[in-house]
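Worksheet: one structure, shown below.
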Amino acid sequence: MTTENWEPRTELIEVYSFAMPVGEKKLIQKIRALTRGGASVVKGIGDDCAVLRLPARHELLVTTDFSIENVHFRREWHPPELVGRRCLTRGLSDIAAMGGTPLAAFLSLAVAGEVPQRWVDLFLKGLLELAEEFGLPLAGGDTAQSPQGIQADIVVVGSVPKGRAVLRSGAKPGQSIYVTGELGGSAAALARLTDAKPLGAAYAKYLRPQARVAVGQILRSRRLASAMIDLSDGLSTDLAHICEESRVGAEIEEEAIPRTRVGRGQQVAMEFALHGGDDYELLFTSSAAVPSEIEGVRVSRIGRIVRGSGMRLIRADGKLRRLQPQGWEHFKTKNW
(Lines give C-alpha, C1' and ligand atoms only; values in the text may rest on other atoms or scores of the structure.)
Protein backbone atom coordinates (compact mmCIF):
# COMPACT_ATOMS: atom_id res chain seq x y z
CA MET A 1 0.00 0.00 0.00
CA THR A 2 1.39 3.39 -0.97
CA THR A 3 1.04 6.42 1.28
CA GLU A 4 1.71 8.92 -1.52
CA ASN A 5 -0.79 11.79 -1.18
CA TRP A 6 -2.83 9.71 1.24
CA GLU A 7 -5.68 11.64 2.78
CA PRO A 8 -8.79 10.91 4.86
CA ARG A 9 -11.22 8.97 2.66
CA THR A 10 -14.88 9.22 3.51
CA GLU A 11 -15.60 6.90 0.56
CA LEU A 12 -14.26 4.00 2.65
CA ILE A 13 -17.64 3.96 4.36
CA GLU A 14 -19.35 3.57 1.00
CA VAL A 15 -16.94 0.93 -0.29
CA TYR A 16 -17.53 -1.20 2.82
CA SER A 17 -21.22 -0.36 3.14
CA PHE A 18 -22.52 -3.95 3.21
CA ALA A 19 -23.20 -5.45 6.62
CA MET A 20 -21.06 -8.15 8.21
CA PRO A 21 -22.45 -11.51 6.94
CA VAL A 22 -20.20 -13.98 8.77
CA GLY A 23 -21.27 -15.51 12.10
CA GLU A 24 -18.94 -16.01 15.05
CA LYS A 25 -18.19 -19.67 14.35
CA LYS A 26 -17.32 -19.03 10.73
CA LEU A 27 -15.25 -15.98 11.66
CA ILE A 28 -13.19 -18.07 14.09
CA GLN A 29 -12.74 -20.70 11.37
CA LYS A 30 -11.51 -18.00 8.99
CA ILE A 31 -9.05 -16.69 11.57
CA ARG A 32 -7.82 -20.19 12.38
CA ALA A 33 -7.25 -20.94 8.69
CA LEU A 34 -5.09 -17.82 8.39
CA THR A 35 -2.89 -18.50 11.42
CA ARG A 36 0.23 -20.59 11.72
CA GLY A 37 1.75 -22.32 14.68
CA GLY A 38 5.11 -21.52 16.20
CA ALA A 39 7.80 -23.15 18.30
CA SER A 40 6.35 -21.57 21.45
CA VAL A 41 2.79 -22.82 20.83
CA VAL A 42 2.04 -26.40 21.92
CA LYS A 43 -1.69 -25.93 21.27
CA GLY A 44 -3.32 -22.86 19.80
CA ILE A 45 -6.82 -22.03 18.54
CA GLY A 46 -9.41 -24.76 19.14
CA ASP A 47 -9.31 -25.39 22.90
CA ASP A 48 -10.41 -23.46 25.97
CA CYS A 49 -6.84 -22.28 26.52
CA ALA A 50 -3.69 -22.12 24.48
CA VAL A 51 -0.71 -24.13 25.69
CA LEU A 52 2.61 -22.30 25.38
CA ARG A 53 6.17 -23.52 25.78
CA LEU A 54 8.39 -21.17 27.78
CA PRO A 55 12.16 -21.22 27.08
CA ALA A 56 14.29 -22.66 29.86
CA ARG A 57 15.43 -20.20 32.54
CA HIS A 58 13.14 -17.48 31.19
CA GLU A 59 10.34 -15.48 32.77
CA LEU A 60 6.99 -14.70 31.18
CA LEU A 61 6.04 -11.26 29.87
CA VAL A 62 2.35 -10.46 29.32
CA THR A 63 0.92 -7.22 27.97
CA THR A 64 -2.53 -6.17 26.79
CA ASP A 65 -3.67 -3.11 24.81
CA PHE A 66 -7.01 -1.86 23.52
CA SER A 67 -7.60 -0.41 20.06
CA ILE A 68 -11.01 1.28 20.25
CA GLU A 69 -12.80 3.00 17.40
CA ASN A 70 -12.95 6.79 17.81
CA VAL A 71 -10.37 6.62 20.59
CA HIS A 72 -7.35 5.01 18.92
CA PHE A 73 -8.51 5.12 15.30
CA ARG A 74 -11.29 6.30 13.02
CA ARG A 75 -12.61 4.30 10.11
CA GLU A 76 -12.79 7.39 7.92
CA TRP A 77 -9.11 8.15 8.58
CA HIS A 78 -7.37 4.80 8.96
CA PRO A 79 -7.42 1.97 6.38
CA PRO A 80 -8.35 -1.32 8.11
CA GLU A 81 -5.02 -3.01 7.31
CA LEU A 82 -3.20 -0.26 9.17
CA VAL A 83 -5.57 -0.46 12.14
CA GLY A 84 -4.73 -4.17 12.40
CA ARG A 85 -1.02 -3.53 12.06
CA ARG A 86 -1.02 -0.76 14.65
CA CYS A 87 -3.11 -2.90 17.02
CA LEU A 88 -0.37 -5.55 17.16
CA THR A 89 2.40 -2.93 17.18
CA ARG A 90 1.10 -1.64 20.51
CA GLY A 91 1.66 -5.03 22.17
CA LEU A 92 4.99 -5.71 20.46
CA SER A 93 6.30 -2.33 21.58
CA ASP A 94 5.58 -3.19 25.22
CA ILE A 95 7.58 -6.42 24.87
CA ALA A 96 10.39 -4.41 23.26
CA ALA A 97 10.44 -2.02 26.23
CA MET A 98 11.22 -4.93 28.55
CA GLY A 99 13.98 -6.25 26.31
CA GLY A 100 11.91 -9.36 25.63
CA THR A 101 11.16 -11.78 22.82
CA PRO A 102 7.52 -12.07 21.66
CA LEU A 103 6.19 -15.65 21.75
CA ALA A 104 2.48 -15.51 20.88
CA ALA A 105 -0.41 -13.10 20.40
CA PHE A 106 -4.08 -13.29 21.37
CA LEU A 107 -6.78 -11.14 19.78
CA SER A 108 -10.21 -10.37 21.22
CA LEU A 109 -12.33 -8.60 18.63
CA ALA A 110 -15.78 -7.09 19.19
CA VAL A 111 -17.55 -5.55 16.19
CA ALA A 112 -20.99 -4.06 15.69
CA GLY A 113 -23.36 -5.72 13.24
CA GLU A 114 -23.05 -2.82 10.79
CA VAL A 115 -19.29 -3.32 10.39
CA PRO A 116 -18.68 -4.91 6.98
CA GLN A 117 -16.94 -8.26 6.74
CA ARG A 118 -14.52 -6.71 4.25
CA TRP A 119 -13.27 -4.33 6.96
CA VAL A 120 -12.70 -7.24 9.36
CA ASP A 121 -10.86 -9.24 6.69
CA LEU A 122 -8.51 -6.37 5.91
CA PHE A 123 -7.94 -5.65 9.61
CA LEU A 124 -6.89 -9.28 10.10
CA LYS A 125 -4.71 -9.11 7.00
CA GLY A 126 -2.73 -6.18 8.40
CA LEU A 127 -2.38 -7.74 11.83
CA LEU A 128 -1.32 -11.15 10.54
CA GLU A 129 1.15 -9.72 8.03
CA LEU A 130 2.95 -7.95 10.88
CA ALA A 131 2.79 -11.13 12.99
CA GLU A 132 4.43 -12.99 10.09
CA GLU A 133 7.25 -10.43 10.01
CA PHE A 134 8.04 -11.25 13.64
CA GLY A 135 7.38 -14.99 13.31
CA LEU A 136 4.65 -14.51 15.91
CA PRO A 137 1.75 -17.00 16.04
CA LEU A 138 -1.81 -15.88 16.79
CA ALA A 139 -2.61 -18.49 19.44
CA GLY A 140 -6.16 -17.57 20.44
CA GLY A 141 -8.54 -14.87 21.57
CA ASP A 142 -12.25 -14.17 21.46
CA THR A 143 -14.92 -12.69 19.20
CA ALA A 144 -18.11 -10.90 20.17
CA GLN A 145 -20.75 -8.54 18.86
CA SER A 146 -20.30 -4.98 20.05
CA PRO A 147 -23.31 -2.70 20.70
CA GLN A 148 -21.54 -0.12 18.56
CA GLY A 149 -18.26 0.34 16.75
CA ILE A 150 -15.12 -1.77 16.94
CA GLN A 151 -13.03 -2.82 19.94
CA ALA A 152 -9.87 -4.89 19.58
CA ASP A 153 -7.83 -6.09 22.54
CA ILE A 154 -4.40 -7.50 21.72
CA VAL A 155 -2.49 -9.63 24.22
CA VAL A 156 1.16 -10.38 23.48
CA VAL A 157 3.06 -12.95 25.50
CA GLY A 158 6.84 -12.87 25.52
CA SER A 159 9.82 -14.07 27.48
CA VAL A 160 13.01 -12.66 28.92
CA PRO A 161 15.97 -14.36 30.67
CA LYS A 162 15.24 -14.78 34.37
CA GLY A 163 15.87 -11.59 36.32
CA ARG A 164 16.83 -9.61 33.21
CA ALA A 165 13.66 -7.74 32.28
CA VAL A 166 14.36 -4.02 31.88
CA LEU A 167 12.00 -2.22 34.26
CA ARG A 168 10.98 1.41 34.62
CA SER A 169 12.45 1.50 38.12
CA GLY A 170 16.19 1.19 37.38
CA ALA A 171 17.14 4.80 36.58
CA LYS A 172 19.83 6.36 38.78
CA PRO A 173 21.02 9.97 39.24
CA GLY A 174 23.85 10.80 36.86
CA GLN A 175 22.70 8.42 34.14
CA SER A 176 21.96 9.69 30.65
CA ILE A 177 18.54 9.61 28.98
CA TYR A 178 18.26 8.28 25.43
CA VAL A 179 15.57 7.86 22.83
CA THR A 180 15.46 5.84 19.62
CA GLY A 181 14.31 7.17 16.26
CA GLU A 182 12.53 10.50 15.85
CA LEU A 183 9.55 11.92 17.71
CA GLY A 184 6.42 13.88 16.93
CA GLY A 185 5.52 12.47 13.52
CA SER A 186 2.40 10.71 14.74
CA ALA A 187 1.09 13.75 16.57
CA ALA A 188 1.78 15.98 13.55
CA ALA A 189 -0.08 13.57 11.28
CA LEU A 190 -3.04 13.44 13.67
CA ALA A 191 -3.19 17.23 13.67
CA ARG A 192 -3.36 17.23 9.86
CA LEU A 193 -6.09 14.60 9.84
CA THR A 194 -8.06 16.67 12.35
CA ASP A 195 -7.74 19.65 10.00
CA ALA A 196 -8.77 17.47 7.01
CA LYS A 197 -5.40 17.99 5.29
CA PRO A 198 -3.72 15.33 3.12
CA LEU A 199 -0.92 13.37 4.79
CA GLY A 200 1.33 12.48 1.87
CA ALA A 201 4.30 10.12 1.94
CA ALA A 202 6.12 12.20 4.56
CA TYR A 203 3.79 10.84 7.23
CA ALA A 204 4.28 7.15 6.43
CA LYS A 205 5.86 6.67 9.86
CA TYR A 206 2.55 7.53 11.49
CA LEU A 207 0.69 5.01 9.37
CA ARG A 208 3.19 2.19 9.91
CA PRO A 209 5.00 2.61 13.26
CA GLN A 210 7.77 0.11 14.00
CA ALA A 211 8.05 -1.76 17.30
CA ARG A 212 11.74 -1.68 18.27
CA VAL A 213 11.92 -5.31 19.41
CA ALA A 214 15.46 -6.00 18.13
CA VAL A 215 16.77 -2.76 19.64
CA GLY A 216 15.20 -3.58 23.00
CA GLN A 217 16.79 -7.03 23.02
CA ILE A 218 20.23 -5.58 22.32
CA LEU A 219 19.86 -2.93 25.03
CA ARG A 220 18.94 -5.70 27.48
CA SER A 221 21.52 -8.29 26.39
CA ARG A 222 24.40 -5.78 26.42
CA ARG A 223 23.19 -4.34 29.73
CA LEU A 224 23.00 -0.88 28.20
CA ALA A 225 19.57 0.10 29.56
CA SER A 226 18.98 0.54 33.29
CA ALA A 227 15.33 1.58 32.84
CA MET A 228 13.14 1.61 29.74
CA ILE A 229 9.65 2.41 28.46
CA ASP A 230 8.04 2.64 25.04
CA LEU A 231 6.77 6.01 23.84
CA SER A 232 3.06 5.43 23.38
CA ASP A 233 1.63 8.34 25.41
CA GLY A 234 4.25 11.01 24.70
CA LEU A 235 7.79 11.81 25.86
CA SER A 236 6.75 14.04 28.77
CA THR A 237 4.26 11.51 30.14
CA ASP A 238 6.35 8.38 29.60
CA LEU A 239 9.50 9.96 31.08
CA ALA A 240 7.40 10.91 34.10
CA HIS A 241 6.57 7.21 34.52
CA ILE A 242 10.27 6.35 34.70
CA CYS A 243 10.90 9.18 37.17
CA GLU A 244 8.02 8.06 39.39
CA GLU A 245 8.99 4.38 39.39
CA SER A 246 12.70 5.15 39.90
CA ARG A 247 12.07 7.99 42.39
CA VAL A 248 14.31 10.42 40.52
CA GLY A 249 14.08 13.63 38.52
CA ALA A 250 15.11 14.41 34.95
CA GLU A 251 16.51 17.22 32.85
CA ILE A 252 15.87 17.21 29.09
CA GLU A 253 17.75 19.31 26.52
CA GLU A 254 15.22 20.81 24.13
CA GLU A 255 17.69 21.04 21.23
CA ALA A 256 18.70 17.39 21.61
CA ILE A 257 15.20 15.95 21.08
CA PRO A 258 15.18 14.28 17.63
CA ARG A 259 12.09 15.65 15.88
CA THR A 260 10.57 14.06 12.80
CA ARG A 261 11.11 16.00 9.57
CA VAL A 262 8.22 16.26 7.14
CA GLY A 263 7.46 18.11 3.94
CA ARG A 264 10.61 19.90 2.79
CA GLY A 265 12.66 18.70 5.71
CA GLN A 266 10.97 20.92 8.26
CA GLN A 267 10.96 19.61 11.82
CA VAL A 268 7.59 19.07 13.47
CA ALA A 269 6.61 21.40 16.29
CA MET A 270 8.36 20.86 19.61
CA GLU A 271 5.00 20.35 21.31
CA PHE A 272 4.39 17.31 19.09
CA ALA A 273 7.76 15.80 20.02
CA LEU A 274 7.34 16.49 23.74
CA HIS A 275 3.72 15.50 24.27
CA GLY A 276 2.50 13.58 21.22
CA GLY A 277 2.03 9.84 21.50
CA ASP A 278 1.95 6.83 19.17
CA ASP A 279 5.65 7.03 18.23
CA TYR A 280 6.45 3.60 19.73
CA GLU A 281 10.11 4.47 20.10
CA LEU A 282 12.12 3.40 23.15
CA LEU A 283 13.03 5.80 25.94
CA PHE A 284 15.77 4.48 28.25
CA THR A 285 18.44 5.45 30.75
CA SER A 286 22.04 4.28 30.83
CA SER A 287 25.38 4.84 32.51
CA ALA A 288 27.23 3.11 29.65
CA ALA A 289 28.52 4.40 26.32
CA VAL A 290 25.54 3.89 24.02
CA PRO A 291 26.09 3.70 20.24
CA SER A 292 24.49 6.42 18.11
CA GLU A 293 22.84 3.69 16.03
CA ILE A 294 21.55 0.21 16.91
CA GLU A 295 20.15 -2.17 14.28
CA GLY A 296 20.00 0.73 11.85
CA VAL A 297 17.93 2.83 14.28
CA ARG A 298 19.15 6.25 15.41
CA VAL A 299 19.81 6.65 19.14
CA SER A 300 19.98 10.14 20.67
CA ARG A 301 21.06 11.34 24.10
CA ILE A 302 18.49 13.90 25.22
CA GLY A 303 19.22 14.54 28.90
CA ARG A 304 20.14 13.13 32.28
CA ILE A 305 18.64 11.71 35.45
CA VAL A 306 18.99 13.90 38.54
CA ARG A 307 18.27 13.59 42.24
CA GLY A 308 14.96 14.72 43.60
CA SER A 309 11.72 14.69 41.66
CA GLY A 310 10.05 16.37 38.72
CA MET A 311 11.26 17.12 35.21
CA ARG A 312 12.88 20.22 33.74
CA LEU A 313 13.39 21.29 30.14
CA ILE A 314 16.63 23.07 29.25
CA ARG A 315 15.75 25.60 26.56
CA ALA A 316 18.03 26.53 23.67
CA ASP A 317 19.02 29.73 25.54
CA GLY A 318 20.09 27.68 28.57
CA LYS A 319 17.10 28.62 30.72
CA LEU A 320 15.24 25.91 32.61
CA ARG A 321 11.50 25.51 32.84
CA ARG A 322 9.44 22.92 34.61
CA LEU A 323 8.27 20.14 32.30
CA GLN A 324 4.84 18.79 33.11
CA PRO A 325 3.57 15.48 31.72
CA GLN A 326 1.10 16.57 29.04
CA GLY A 327 0.86 13.47 26.85
CA TRP A 328 -2.14 11.21 26.43
CA GLU A 329 -4.02 10.13 29.54
CA HIS A 330 -7.38 8.39 29.43
CA PHE A 331 -10.24 9.95 31.43
CA LYS A 332 -8.75 13.45 31.27
CA THR A 333 -11.29 16.02 30.15
CA LYS A 334 -8.72 17.36 27.68
CA ASN A 335 -5.58 15.84 26.23
CA TRP A 336 -2.96 18.22 24.89
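Distant-in-sequence amide contacts of Gln326, defined by a placed amide H-H separation under 5 Å and a gap of 5 or more residues or a different chain, comprise Ser236, Thr237.
Each Lys and Arg adds +1 at its Cβ and each Asp and Glu adds -1 at its Cβ; summed about the Cα centre, the chain shows a dipole of about 960 debye.
Quick one: compute the contact order of the range 119-253, relative version, from alpha carbon pairs under 8 angstrom and 6+ residues apart, as a percent.
Dividing the mean separation by the residue count of the range 119-253 yields 32 percent.
Of all stretches in the chain that contain no GluC sites (Glu not before Pro) in a DSSP loop with at most 16 other Cβ atoms within 10 Å, the longest one is 115-294.
Beta bridges from DSSP with both residues in the range 166-314: antiparallel share about 80 percent, rounded to the nearest 5.
Across the options Ser93, Ile154, Ile177, the greatest Cα extent toward the positive end of the charge dipole of the range 45-191 (unit charges at beta carbon of Lys, Arg, Asp, Glu) belongs to Ile177. Among the listed pairs Lys43/Lys205; Lys26/Lys205; Lys43/Lys162; Lys125/Lys205; Lys125/Lys162, those whose Cα-Cα separation exceeds 26 Å are Lys43/Lys205; Lys26/Lys205; Lys125/Lys162.
What you get for the range 181-284, charging only the Cβ of Lys and Arg (+1) and of Asp and Glu (-1), is a dipole of about 580 debye around the Cα centre. Reducing the range 114-184 and the range 268-328 to their Cα centroids gives an inter-centroid distance of 23 Å.
Accessible surface calculations at 1.4 Å, restricted to protein heavy atoms, place the chain at 48 Å² per residue.
If a spin label sat at a point 7 angstrom from the Cα of Ala201 along the line to its beta carbon, no backbone N atom of the range 51-95 would be nearer than 13 Å.
For Phe73, nonlocal amide neighbours, meaning residues 5 or more places apart or on other chains whose placed amide H falls under 5 Å from its own, are Ile68.
Listed by number, the DSSP H helices of the chain that run 18 Å or longer by alpha-carbon position along their axis and have mean Kyte hydropathy of at least -1.0 are 80-97, 117-133. Look at the alpha carbon pairs under 8 Å that are at least 6 residues apart: their mean separation over the length of the chain gives a relative contact order of 21 percent. The portion of the accessible surface of the chain made up by carbon and sulfur, rounded to a whole percent, is 48 (1.4 Å probe; DNA, RNA and ligands excluded). GNM on the chain, alpha-carbon springs under 10 angstrom: the most fluctuating residue among Arg168, Arg220, Arg322 is Arg322. For q values of 0.13, 0.22, 0.23 Å⁻¹, compute log₁₀ I(q)/I(0) with the Debye formula on a Cα-only model of the range 168-293, without solvent. Here the Debye-derived log intensity ratios amount to -0.53, -1.29, -1.37. Under a Gaussian network description of the chain, with springs only between Cα atoms under 10 Å, the residue in Ala33, Ala225, Ala112 that fluctuates furthest is Ala33.
In the elastic network of the chain, a GNM with C-alpha springs shorter than 10 Å, the most mobile of Val42, Val248, Val213 is Val42.
Computed from point charges on the beta carbon alone (+1 for Lys and Arg, -1 for Asp and Glu), the dipole magnitude for the range 53-135 about its Cα centre is near 100 Debye. Volume per residue for the range 120-240 equals 183 cubic angstrom (convex hull of Cα atoms). Return the label of the correct value of percent of Cα pairs over 32 Å apart, as calculated from the structure shown, out of (1) 27; (2) 23; (3) 32. Recomputing percent of Cα pairs over 32 Å apart here gives the entry labelled (3).
Calculated mean residue ellipticity at 222 nm for the chain: -8000 deg cm²/dmol, from DSSP H runs with n ≥ 4 weighted as -39500 (n - 2.57), summed, divided by the residue count and rounded to 500. The HN-Hα couplings worked out from phi for the range 254-265 by the Karplus form 6.51 cos²θ - 1.76 cosθ + 1.60 (θ = phi - 60°) are 3, 6, 8, 5, x, 8, 4, 9, 10, x, 8, x Hz, whole numbers, x standing for Gly and Pro.
The values are calculated or read from the model by the stated rules, or taken from the named source; none is laboratory data. All values derive from a computational prediction rather than experimental measurement. Please note: Cβ atoms are built from the backbone with ideal geometry, for glycine as well, and neighbour counts cover all protein chains shown. To get the accessible areas, we keep the full protein, side chains included, count just its heavy atoms, and leave off ligands, DNA and RNA. Shrake-Rupley method; radii C 1.70, N 1.55, O 1.52, S 1.80 Å.
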